[in-house]
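The values are calculated or read from the model by the stated rules, or taken from the named source; none is laboratory data. Everything numeric in this text was worked out from a predicted model, so none of it was measured. All Cβ positions, glycine included, derive from the backbone under ideal geometry; neighbour counts span all protein chains shown. Calculation scope for accessible area: heavy atoms of the full protein, side chains included, ligands and nucleic acids excluded. Shrake-Rupley method; radii C 1.70, N 1.55, O 1.52, S 1.80 Å.
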Amino acid sequence: MKHVFALATAVFAFTACNPAPEASELITDLEQTAASQSVVNHYFFTSVTPKLRTCWSQLQGEGTVDLALRYTKSDSGWMFERVEPLTSTLPNEQVAAAQACMQEAATGSSFALEEPRGGKSFEKFVVKWRWLVPLPEEKSQEMARRLNNTDPPKGCAKCIANYPARCVWSETGKEEDCRVEAPNSCSTTGTKCLSGLYGRAGSGIIIF
């Protein structure tokens, strides 16, 4: 099923014909992250949100809820396993209710996400997503307005192993966690990670 999304143009200025490796890697990471966010948002839009809305509409207050949806690898792609609460601007009882809504709506769902060639292989995947409460209708001006005023979570890690080794949490991070082991090395537990915001990919609002 085709969908179209608008990504705001990011302008990068370079002083040479060939960008530095660090800049080139950053651009690639941003592009891959935006493409993955689009795929996951489309999965939510088609397979989860239709079952979620009735329950979600009963949440009280206005704000955001960050949820970690966990998946395991299957023949058809990534199969939903469970959901865990992360952070929220709502009271704790509303977070628990949001978790229950999402658990019921996502159960039995799955999605496929193409992996970059030569990339690391994973068996577990955590999707850390920020959801609006209440949840506006897709394509509505209300959703566009609120998305423009909401930052995506930066809950995934990237290990920078050169000296000094460091762990960086950002929107383009690719693993769930990271730990510095030595001055020039760090490690992860091997769970694939993607963070994002429902209705947005990169810096652009999705038109489902």
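Normalised by residue number, the volume inside the convex hull of the Cα atoms of the chain is 144 Å³ per residue. Multiplying the residue separation of GLU138 and GLU104 by 0.36 nm and subtracting their alpha-carbon distance yields 10.2 nm.
Here the 3J(HN,Hα) profile of the stretch 41-47, calculated from phi with Karplus coefficients 6.51, -1.76 and 1.60 at θ = phi - 60°, is 4, 5, 4, 4, 4, 8, 10 Hz, Gly and Pro shown as x. Label the stretch 45-138 by shape, choosing from rounded, prolate and oblate, from the square roots a ≥ b ≥ c of the eigenvalues of the Cα gyration tensor; if a/c is under 1.5 it is rounded, and otherwise prolate applies when a/b is larger than b/c, oblate when it is not. The shape class here is prolate.
Residues THR28, THR89, THR33, ordered by accessible area of protein heavy atoms at a 1.4 angstrom probe radius and largest first, appear as THR89, THR28, THR33.
The fraction of accessible area contributed by carbon and sulfur in the chain is 53 percent, rounded to a whole number (1.4 Å probe; ligands and nucleic acids excluded). Counting Lys and Arg as +1 and Asp and Glu as -1 over every other residue whose Cβ lies under 14 Å from the Cβ of CYS186, the net charge comes to 0. Axis of helix 92-106 versus longest Cα principal axis of the chain: the two differ by about 90°, to the nearest ten degrees. Under a 1.4 Å probe, what is the accessible area of the chain per residue, stated in Å²? Accessible surface, normalised per residue, equals 55 Å². With the whole protein complex present, ASP151 retains an accessible surface near 110 Å², based on a 1.4 Å probe. SER203 exposes around 80 Å² of accessible area when a 1.4 Å probe is run over every protein chain in place. Computed from backbone phi with θ = phi - 60° and the Karplus coefficients 6.51, -1.76 and 1.60, the 3J(HN,Hα) list for the stretch 75-81 is 4, 8, x, 10, 9, 4, 10 Hz; x is used for glycine and proline. For the stretch 136-150, backbone phi angles converted through the Karplus equation (6.51, -1.76, 1.60; θ = phi - 60°) give residue-by-residue couplings of x, 5, 4, 6, 7, 5, 5, 5, 4, 4, 6, 5, 5, 9, 10 Hz, Gly and Pro being listed as x. Using the average count of surrounding beta-carbon atoms within 10 Å as a protection proxy, the listed peptides 109-121, 152-164 rank, highest first, as 152-164, 109-121. The relative contact order of the chain, computed from alpha carbon pairs under 8 Å that lie at least 6 residues apart in sequence, is 25 percent.
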